[in-house]
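Here's the structure, in C-alpha cells; my notes come after.
The values are calculated or read from the model by the stated rules, or taken from the named source; none is laboratory data. As the structure is a computational prediction, the values presented were derived from the model and not from experiment. Positions of Cβ are generated from backbone atoms using ideal geometry, with glycine treated the same way; all protein chains shown enter the neighbour counts.
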C-alpha cells in the first residue's frame, strides 16, 4: 500500500428525518442542539459510525462497540495485550498498533492500560472530524410511549401496573453539514495509505448503512452529498477552512420551515486548481 501523499478535505451533507441523530444522555437523550437551536452530532458519534462501517467492509478495528465485537475480546486492554504480546518499546508498539487496526492509523489512539506494565503510548491520527451542525434550527419533538409488559416479576401483594410511561425524542427534519480533513504528515507517521483514504470515503458515503434503530429508523438518516477534495501537495493548495467554506448551503425560501434537502440550494464556490469529487450518498 502507498502512503498518502496529498492532503484531503471533505464535506458531507446529512439529512435527518423524524429521527434522533445523536441523543444527549445528560438531557434525557433528547437530540443535541446548541443555544441557537441548531442540531448537533458529536465527532465521537460520527467516528463510531465510521468504525462500524470499517468493520462492515472487512477491516480490523480496535475500538469496537460491544454489540459489534467480532474477535472475542471483552475490553480494549485484552485486545491490545493479545496483539502486542508484551512489547515495551513505544515506537514499535505504535507501529504495530497502526499496522493492526485501521481506526488507530486513521483516528489515533491512547494506549494506557493497567496490564501494559508501564507502557503508555499515544498515536495521533491523520483523519480529523468536526462535529456536524444543522444548517437551520431544528424542531425537536417528544412523544410519550407506553411499555405494556412487566420487566420484572411482581412481588406478592404488589399492585403495580404493567404499563410504564416513557418518552421518545426526534428531529422532525434537519440538514447537517459534516466536515473533515486528512493530514499527510500524520499519515506518514501512522502508515495511513491512499487505499485507507478510499475506505474512509466509502464509509462516509454509506455512513448510515446498518445503523438503523428505534431512534433512527431505516431511511430516516441519509448522506445527501459528499464533497471530496484531493490537493496536489502535502500541505494543501488552500486551507481546510477555506475549502470547507466553499460549500454554501442556504434555504430557498428563508420564511419556510424546511421539510427536505430539496428546500435548500447548494452552491460550490470555485477554488482555482482544486476541483472536488461530488458523490451521491446513501
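Inside the stretch 166-196, can you point out the residues that are under 27 Å from residue 97 (Cβ atoms) and either assigned to a helix (DSSP H, G or I) or modelled with pLDDT under 95 (or both)? Scanning the stretch 166-196 gives 184, 185, 186, 187, 188, 189, 190, 194, 195, 196. Count of the stretch 216-244 residues, restricted to those that are under 20 Å from the mean Cα position of the chain (by Cα), surrounded by fewer than 19 Cβ atoms within 10 Å (Cβ to Cβ) and either assigned to a helix (DSSP H, G or I) or modelled with pLDDT under 95 (or both), is 1.
Just one of the listed residues (1, 18, 41) is buried (at least 22 other Cβ atoms within 10 Å of the Cβ), in contact with a strand residue (DSSP E or B) (Cβ under 8 Å, 6 or more places away or on another chain) and touching a residue at least 12 places away in the same chain (Cβ under 8 Å), namely 41.
Test residue 63 against the criterion of being closer than 22 Å to residue 228 by Cα, under 16 Å from the mean Cα position of the chain (by Cα) and touching a residue at least 40 places away in the same chain (Cβ under 8 Å), and give yes or no. Outline the logic, then answer.
Values: closer than 22 Å to residue 228 by Cα: no; under 16 Å from the mean Cα position of the chain (by Cα): yes; touching a residue at least 40 places away in the same chain (Cβ under 8 Å): yes.
So residue 63 does not fit the description; no.
Say we look at the stretch 190-213 and pick out the residues that are surrounded by fewer than 20 Cβ atoms within 10 Å (Cβ to Cβ) and in contact with a strand residue (DSSP E or B) (Cβ under 8 Å, 6 or more places away or on another chain); which of these is nearest to residue 169 (Cα to Cα)? Checked the stretch 190-213; the qualifying residue nearest to residue 169 (Cα to Cα) is 211.
Assess whether residue 71 counts as being part of a helix (DSSP H, G or I), at pLDDT below 95 and either in contact with a helix residue (DSSP H, G or I) (Cβ under 9 Å, 6 or more places away or on another chain) or exposed (fewer than 14 other Cβ atoms within 10 Å of the Cβ) (or both). Explain how you work it out, then say what you get.
On the way: part of a helix (DSSP H, G or I): no; at pLDDT below 95: yes; either in contact with a helix residue (DSSP H, G or I) (Cβ under 9 Å, 6 or more places away or on another chain) or exposed (fewer than 14 other Cβ atoms within 10 Å of the Cβ) (or both): yes.
For residue 71, the condition - part of a helix (DSSP H, G or I), at pLDDT below 95 and either in contact with a helix residue (DSSP H, G or I) (Cβ under 9 Å, 6 or more places away or on another chain) or exposed (fewer than 14 other Cβ atoms within 10 Å of the Cβ) (or both) - is not met.
When the test is whether a residue is in contact with a strand residue (DSSP E or B) (Cβ under 6 Å, 6 or more places away or on another chain) and within 16 Å of residue 209 (Cα to Cα), residue 50 does not pass it. Would it be correct to say that residue 106 is in a loop (DSSP other than H, G, I, E, B) and either surrounded by 15 or more Cβ atoms within 10 Å (Cβ to Cβ) or touching a residue at least 12 places away in the same chain (Cβ under 8 Å) (or both)? When the stated conditions are applied, residue 106 does not pass them.
Go through the stretch 43-68 and count every residue that is over 20 Å from residue 96 (Cα atoms), modelled with pLDDT of 95 or more and either assigned to a helix (DSSP H, G or I) or out of contact with any helix residue (DSSP H, G or I) (no Cβ under 9 Å at 6 or more places or on another chain) (or both).
From the stretch 43-68, those over 20 Å from residue 96 (Cα atoms) are 43-50, 52-53, 56-57, 65-68; that's our starting set.
After this cut, where a residue has to be modelled with pLDDT of 95 or more as well, the list is 43-50, 52-53, 56-57.
Next cut, either assigned to a helix (DSSP H, G or I) or out of contact with any helix residue (DSSP H, G or I) (no Cβ under 9 Å at 6 or more places or on another chain) (or both) only: 43-50, 52-53, 56.
Residues meeting the conditions: 11.
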